[in-house]
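**Q** Please see the structure below; I have some questions.
The values are calculated or read from the model by the stated rules, or taken from the named source; none is laboratory data. As the structure is a prediction and not an experimental result, all values here were calculated from the model. Neighbour counts are summed over all protein chains in view; Cβ atoms, including those assigned to glycine, are modelled from backbone coordinates with ideal geometry.
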There are 2 protein chains.
Amino acid sequence: MAAERALAMATCTAPVNIAVIKYWGKRDTDLILPINSSLSVTLHQDQLKTTTTAAASRDFTEDRLWLNGKEADVGHPRVQACLREVRRLARKRRGGGEDAAALSLSYKIHIASENNFPTAAGLASSAAGYACLVSALARLYGLEEELSEVARRGSGSACRSMFGGFVQWQRGERPDGTDSLALQVAPETHWPELRVLVLVVSGEKKPVGSTAGMQTSVETSPLLKHRAEVVVPERLAQMMQHIRDRDFEGFGQLAMRDSNQFHATCLDTFPPIFYLTDVSRHIIALAHRYNGHHGHTKVAYSFDAGPNAVIFTLADAVAEFVEVVRRSFPPATNGDQFVRGLPVGSAALPPELVAAVLTEPVPGAVQYILHTKPGPGPQLVDDPSQHLLGPDGLPRSRA
Amino acid sequence: MAAERALAMATCTAPVNIAVIKYWGKRDTDLILPINSSLSVTLHQDQLKTTTTAAASRDFTEDRLWLNGKEADVGHPRVQACLREVRRLARKRRGGGEDAAALSLSYKIHIASENNFPTAAGLASSAAGYACLVSALARLYGLEEELSEVARRGSGSACRSMFGGFVQWQRGERPDGTDSLALQVAPETHWPELRVLVLVVSGEKKPVGSTAGMQTSVETSPLLKHRAEVVVPERLAQMMQHIRDRDFEGFGQLAMRDSNQFHATCLDTFPPIFYLTDVSRHIIALAHRYNGHHGHTKVAYSFDAGPNAVIFTLADAVAEFVEVVRRSFPPATNGDQFVRGLPVGSAALPPELVAAVLTEPVPGAVQYILHTKPGPGPQLVDDPSQHLLGPDGLPRSRA
């Protein structure tokens, strides 16, 4: 017998992504095949990332999983689907041959995963989480192929987090899902001026989870069907062109329209689903007043399945718009932590802007603003001290 | 010369109507021709009505108009359109002949109109208002024909207030609008158990008026186009059948779906239009929990271009649901005036209903509940003491 490695460990990080042409609804719930293609911007991991360590050892007696330091159910069907698919690919790659250095596929697995952002923020943590899980497992088993199809089995939008920059998730046509893949439209260096402001809204718990919500939409919303069949194919082509041209006017307008249409199909669902709140409405109205004042699209909002706003803008508008948000939603406390992430300069608002754009302030409605930009896809963490699991295969204490 | 009548006066009342298959969007803004047919329930005038007196006299020197006691602009194009159309029909009816008793078409007109409900309630006052104006003018000029086409020129949905009970507004095909008419589907006596609860929500001023809003929707919402062309024709036929069958399950479900879809097309408009607020969302969620608890559709909501909820239900559910609303939205003051209109019995809520349906109360969110039912179309007021104008042709003091 060849000497198999006793303990192997790999750590990766992976990003969150925000769709500007939205995905909502599966045509196959088991394989997670969408009813329409979608397109997203990968956000920078300096601000929002998941880190995952995967370890395999002949000494492990069972598969185990820890999320943000707490043990979780490793038997979750989606975790199992990712694990099974990665092992299947590893087996296929090895073919009939024996690779002495290869990790045994029969070893049990320990996985630890952490986010560097509050999960309460309602950001797309499952996309980053499953992209990171698949990346770490792939490293562990020495896979080098394109794995968006595997990440998709964890969470649909996770497939888009397998690439940096601007990413399309192709709907695909085949019933087995092998052509339902993510593809990079442009790298994160393509549009250096693009910036992202995440407005984290204080609020209630999400009323309806995405998985349940989107299936109800598929079953009950006639408008969602029309959106998927007719509207999205046109919009996807337009959005790719706007990105290629770095046309912020076109990009921003279409991002807002598509966000609104996604929430419209939620409302057309029966019973209806609401992710936007009165605070979201205030942010939307503010963005339109701000753009109206400037006479063109300076900021564009996009809302996922929650009330938080993601604002796309260009670097030269950040300071002014952040000040507009601060004046519109004065921070509840002293405001020290109101702006986080990339530095934001200070801006004085011209009186005519104040008169045209600001209305009655809504104190405390926005908890904080996170300033970030497009970023790269999953990264390997080389430094062993960064592993989330210790040499014993258990989570390191993070004191 | 024949002795023409010196002063003539006629007073009518007309009802509000609530669409259960909604109208939103014109294909001809001048003639007020809709992009889709619609269907409404006429509400009883004991609770909600407009009263209008129209007078003509050779002594009047100019046309004048008073709304709720205040003089208003009689030159408003829609008021003028109704006046012009009524006079045209009167002229046509008389043909070449001279009718000594007929009112001179050259006399100036005085009009006074009042609502018996607060206009601040955001109820469809323009539908009742224009239906009433046209009814009073028709009486004044002795017209007896179907006049929904004329009322439509005042406000699209006014044509539906020209009939009691259940009323369809046929989209029509002709470019001149002569086939865009209201038709009674069933009289108000057809479904004696049907009840209506208007939940008047405290709130802000309507953000976008219907006239401007619907044209923006027609221009920018791809979903509205699909709704008008594909969804509404099917739904209209279904809704007529539910009404004929007095099938509350079918009627209520479809009314809710159609209300939601109308608001979905508002959200798909660019910039988006929001008429539903967080309070509206609370009412919607409450209705679904209530129906869920009972295992079938006991109440159905419908929202027009504002946050107020119109609840359809059957007589035997009124007392219980009113108590559910009272517990969910405890009245801000002592609650004396919380329930208005038709009498409502008292109901004790079973503990299992309380546990399943009630959540954290939102005090003061609903101002009051108006209890009403389907009612008849415009009525002639025979009693001369009820005229809103005095013998001098000026508004009576309403001390």
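**Q** If I filter the stretch A:176-199 for residues that are within 14 Å of chain B (Cβ to nearest Cβ) and either over 22 Å from A:Val41 (Cα atoms) or touching a Lys or Arg at 6+ places or on another chain (Cβ under 6 Å) (or both), do I get at least one hit?
**A** The answer is no; no qualifying residue exists.
Listed here are the residues, each with its yes/no results for (1) on the phi > 0 side of the Ramachandran plot; (2) more than 16 Å from the chain's Cα centre (by Cα).
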{"position": "A:Gly142", "(1), (2)": "yes, yes"}
{"position": "A:Glu146", "(1), (2)": "no, yes"}
{"position": "A:Cys159", "(1), (2)": "no, no"}
{"position": "A:Glu173", "(1), (2)": "no, yes"}
{"position": "A:Glu188", "(1), (2)": "no, no"}
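**Q** Just need a number here: residues in the stretch A:184-214 that are part of a loop (DSSP other than H, G, I, E, B) and at pLDDT below 95.
**A** Matching residues across the stretch A:184-214 total 8.
**Q** Moving on to the next point. In this structure, does A:Arg227 turn out to be within 30 Å of A:Glu320 (Cβ to Cβ), out of contact with any Cys (no Cβ under 9 Å at 6 or more places or on another chain) and within 14 Å of chain B (Cβ to nearest Cβ)?
**A** No: the conditions fail for A:Arg227.
**Q** Specify which of the listed residues (B:Leu267, B:Leu286) is modelled with pLDDT of 95 or more, within 9 Å of chain A (Cβ to nearest Cβ) and closer than 28 Å to B:Val362 by Cα.
**A** Testing whether each residue is modelled with pLDDT of 95 or more, within 9 Å of chain A (Cβ to nearest Cβ) and closer than 28 Å to B:Val362 by Cα leaves just B:Leu267.
**Q** OK, next. Could you please give the count of residues in the stretch B:296-338 that are surrounded by fewer than 20 Cβ atoms within 10 Å (Cβ to Cβ), modelled with pLDDT under 95 and within 29 Å of B:Ala127 (Cα to Cα)?
**A** 2
**Q** Determine if the stretch B:209-222 includes at least one residue that is surrounded by 19 or more Cβ atoms within 10 Å (Cβ to Cβ), touching a helix residue (DSSP H, G or I) at 6+ places or on another chain (Cβ under 7 Å) and more than 21 Å from B:Asn260 (Cβ to Cβ).
**A** The answer is no, given that none of the residues of the stretch B:209-222 is surrounded by 19 or more Cβ atoms within 10 Å (Cβ to Cβ), touching a helix residue (DSSP H, G or I) at 6+ places or on another chain (Cβ under 7 Å) and more than 21 Å from B:Asn260 (Cβ to Cβ).
**Q** Among the residues in the stretch A:330-350, are any part of a helix (DSSP H, G or I) and either β-branched (Val, Ile, Thr) or out of contact with any Ser or Thr (no Cβ under 8 Å at 6 or more places or on another chain) (or both)?
**A** For the stretch A:330-350, residues part of a helix (DSSP H, G or I) and either β-branched (Val, Ile, Thr) or out of contact with any Ser or Thr (no Cβ under 8 Å at 6 or more places or on another chain) (or both): absent.
**Q** Shifting gears a bit: It is to be established whether one or more residues within the stretch A:40-47 are surrounded by fewer than 18 Cβ atoms within 10 Å (Cβ to Cβ), outside any loop (DSSP other than H, G, I, E, B), touching a strand residue (DSSP E or B) at 6+ places or on another chain (Cβ under 7 Å) and at pLDDT 95 or above.
**A** Within the stretch A:40-47 (the criterion being surrounded by fewer than 18 Cβ atoms within 10 Å (Cβ to Cβ), outside any loop (DSSP other than H, G, I, E, B), touching a strand residue (DSSP E or B) at 6+ places or on another chain (Cβ under 7 Å) and at pLDDT 95 or above), the answer is no, since none of the residues qualifies.
**Q** While we're on this one: Is one or more of the residues making up the stretch B:349-358 of a type in the set (Gly, Ala, Ser) and under 16 Å from B:His282 (Cα atoms)?
**A** Checking the stretch B:349-358: at least one residue is of a type in the set (Gly, Ala, Ser) and under 16 Å from B:His282 (Cα atoms).
**Q** Checking B:Arg257 against (1) without any contact (Cβ under 8 Å) to a residue 60 or more places away in the chain; (2) within 20 Å of B:Val208 (Cβ to Cβ); (3) facing chain A (nearest Cβ under 7 Å); (4) under 21 Å from the mean Cα position of the chain (by Cα): exactly one of these is not met. Which one?
**A** (2)
**Q** Further, regarding this structure: Would you mind telling me which numbered condition in (1) at positive phi; (2) surrounded by fewer than 18 Cβ atoms within 10 Å (Cβ to Cβ) B:Gln80 fails?
**A** All conditions pass for B:Gln80, except number (1).
**Q** Which residue, of B:Gly306, B:Gly252, is under 27 Å from A:Asp278 (Cα atoms), more than 10 Å from chain A (Cβ to nearest Cβ) and assigned to a loop (DSSP other than H, G, I, E, B)?
**A** None of the other options fit; the residue is B:Gly306.
**Q** What are the residues in the stretch A:289-333 that are within 20 Å of A:Gln47 (Cα to Cα), hydroxyl-bearing (Ser, Thr, Tyr) and touching a residue at least 60 places away in the same chain (Cβ under 8 Å), if any?
**A** Listed by number, the residues that qualify are A:Ser302, A:Thr313.
**Q** Additional query: Exactly one of these conditions fails for B:Tyr23: (1) touching a Leu at 6+ places or on another chain (Cβ under 6 Å); (2) in a loop (DSSP other than H, G, I, E, B). Give me its number.
**A** Just one mismatch for B:Tyr23, condition (1).
**Q** Can you tell me how many residues within the stretch B:351-399 are of a type in the set (A, V, I, L, M) and touching a Ser or Thr at 6+ places or on another chain (Cβ under 9 Å)?
**A** Number of matching residues: 9.
**Q** Conditions first: (1) surrounded by 24 or more Cβ atoms within 10 Å (Cβ to Cβ); (2) more than 9 Å from every other protein chain (Cβ to nearest Cβ). A:Ile243 passes all but one, so which condition is the exception?
**A** Result: A:Ile243 passes all but (1).
**Q** Since A:Asp278 meets every condition but one in (1) within 14 Å of another protein chain (Cβ to nearest Cβ); (2) surrounded by 22 or more Cβ atoms within 10 Å (Cβ to Cβ); (3) modelled with pLDDT under 95, which condition does it not meet?
**A** Here A:Asp278 clears every test but (2).
**Q** If you go through the stretch A:120-137, how many residues are surrounded by 24 or more Cβ atoms within 10 Å (Cβ to Cβ) and without any contact (Cβ under 8 Å) to a residue 60 or more places away in the chain?
**A** 2
**Q** Which one of the conditions (1) more than 7 Å from chain A (Cβ to nearest Cβ); (2) under 21 Å from A:Pro307 (Cα atoms) does B:Tyr301 fail to meet, given that it meets all the rest?
**A** (2) is the only condition that B:Tyr301 fails.
**Q** Filtering the stretch B:56-77 down to residues that are in contact with a Phe, Trp or Tyr (Cβ under 9 Å, 6 or more places away or on another chain) and part of a strand (DSSP E or B), which residue is surrounded by the fewest Cβ atoms within 10 Å (Cβ to Cβ)?
**A** By that ranking, first place goes to B:Ala72.
**Q** Looking at (1) modelled with pLDDT under 95; (2) farther than 29 Å from B:Val310 by Cβ; (3) in a loop (DSSP other than H, G, I, E, B), which is the one condition that is false for B:Phe117?
**A** (2)
**Q** Any residue that is closer than 30 Å to A:Arg340 by Cα, part of a helix (DSSP H, G or I) and assigned by TED's automatic domain parsing to the domain that holds A:His282 - is there at least one of those in the stretch A:215-236?
**A** Checked the stretch A:215-236: no residue is closer than 30 Å to A:Arg340 by Cα, part of a helix (DSSP H, G or I) and assigned by TED's automatic domain parsing to the domain that holds A:His282.
**Q** Considering only the stretch A:343-375, how many residues are crowded, with 17+ Cβ neighbours inside 10 Å and within 31 Å of the chain's Cα centre (by Cα)?
**A** Total meeting the criteria: 13.
**Q** Have a look at A:Val279, A:Val318 and point out the one that is in a helix (DSSP H, G or I) and within 21 Å of A:Pro363 (Cβ to Cβ).
**A** Only one candidate qualifies: A:Val279.
**Q** Quick test for you: out of B:Gly364, B:Gly377, pick the one residue that is in a loop (DSSP other than H, G, I, E, B) and closer than 29 Å to B:Ala158 by Cα.
**A** B:Gly377
**Q** Since A:Ala54 meets every condition but one in (1) more than 20 Å from the chain's Cα centre (by Cα); (2) touching a residue at least 40 places away in the same chain (Cβ under 8 Å); (3) more than 14 Å from A:Cys132 (Cβ to Cβ), which condition does it not meet?
**A** Checking A:Ala54 against (1) more than 20 Å from the chain's Cα centre (by Cα); (2) touching a residue at least 40 places away in the same chain (Cβ under 8 Å); (3) more than 14 Å from A:Cys132 (Cβ to Cβ), the one that fails is (3).
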